[in-house]
Amino acid sequence: MAAPEPDDGLLLTWLYAPGDRPEVVAKALRSGADVVVVDLEDAVGPARKAYARAATAELLTAPRPGPPRVHVRLNALGSPLCAADLAALAGRPGLDGLRLPKVGGPGDVAAVRRQYREVAGTAARLPGLYPLLESALGVENAFAVATADPAVRGLALGEADLRADLGVAGEDALAWPRVRTVVAARAAGLAPPAQSAYPDVRDLDGLAASCRRGRDLGFLGRTALHPRQLPVIARAFLPPPDEVAAAREIVAAAAAHPGALALPDGRFVDPAVVAGAHRVLALAARAERYG
């Protein structure tokens with residue numbers, strides 16, 4: 001029997017693929033990623049935009065073109081390119097989500113809803129929306145963006161553009177925007193955000209270390225630029241054996257003694273701790289998928 005599809009809170013690997021290269025998209029769909037993000041924005045040159053849009057629309061005519069969920073990163077919001085993207089993609093049965101670049105506030109999300117409904121009809125189901133916070137304004141408005149529309153399913157940082165906007169370098173400079181995004185997602189009841197892509201696809205040790213830091217900050221999973229990054233990301237965000245064992249102990253104790261209690265080693269267990277333990281076990285159940 002096939003394993004059940006993970007819910008939005010258990011997605012670990014998000015692989016980008018350029019929309020104007022259908023052969024690369026096809027490989028991405030067989031990569032084992034949880035989500036394939038077909039990029040119509042930065043990965044596609046101006047002369048190839050129309051071709052990328054048409055190829056992506058054709059791909060998404062099928063209800064599910066491959067095992068992963070398929071998201072599409074649109075061109076700049078409010079631009080004619082974005083309007084053309086939405087017109088081509090609206091109502092396509094294979095479209096699971098839209099990644100919205102450079103969102104500055106809730107008005108950007110509302111505009112996407114309006115445009116989508118204009119071309120798909122007012123009764124059309126809006127796919128999941130994933131706003132990208134890539135500017136100081138977007139980070140400042142993180143919670144307002146996260147709660148802008150019921151279709152918003154998650155937040156993400158676009159760290160390359162954010163670094164340029166802030167004029168900063170180094171990991172420490174982005175610590176506050178990262179935590180801000182994690183807190184805003186949690187406050188809005190969304191799944192933990194996935195980390196921004198690690199740009200050096202050959203530096204797998206650096207990727208693993210960066211993922212561990214991201215996990216400590218509250219991120220879950222990460223976007224990838226190459227399939228070789230996927231198993232590294234998955235291993236970094238899957239809980240280690242000692243954490244799984246502790247979670248099993250907590251769940252068993254809570255089942256035997258409902259309500260708050262203390263374990264023999266002095267750890268205090270309340271409903272929030274039990275909920276976290278269940279989440280650890282749900283992630284651990286995915287380990288076999290990644291090997």
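What follows draws every value from the coordinates through simple rules; no lab data is involved. Note that the structure is a prediction, hence the values are computed from the model and not measured. Here the Cβ is made from the backbone with ideal geometry for all residues, glycine too, and neighbour counts use every protein chain on show.
List of remarks:
- Dipole axis of the chain (+1 Lys, Arg; -1 Asp, Glu on Cβ), positive-most option in Pro101, Leu174, Ala184: Pro101
- Mean Cα-pair separation over length for the chain, i.e. relative contact order, pairs under 8 Å, 6 or more apart, %: 15 percent
- For the peptides 98-107, 60-69, the ranking by packing is 98-107, 60-69, with the highest mean count of neighbouring Cβ atoms within 10 Å listed first.
- Computed from backbone phi, the HN-Hα couplings of region 164-173 come to 5, 5, 7, x, 10, 9, x, 5, 4, 5 Hz, rounded to whole numbers (Karplus: 6.51 cos²θ - 1.76 cosθ + 1.60, θ = phi - 60°; Gly and Pro given as x).
- Scanning residues 5 or more positions from Leu157 or on other chains, those with amide H under 5 Å from its amide H are Leu133, Ser196, with H placed 1.01 Å from N in the peptide plane.
- Each peptide in 222-235, 201-214 receives the mean, over its residues, of other Cβ atoms within 10 Å, and ordering these scores from highest gives 222-235, 201-214.
- Both radii are taken from the alpha-carbon atoms of region 135-223; with Rh as the Kirkwood radius, Rg/Rh is 0.96.
- 10 Å-binned pair-distance histogram of the chain (Cα, whole percent): 6, 27, 34, 22, 8, 2, 0
- Overall size of region 88-149 from C-alpha positions, given as principal axis extents largest first: 34, 19, 17 Å.
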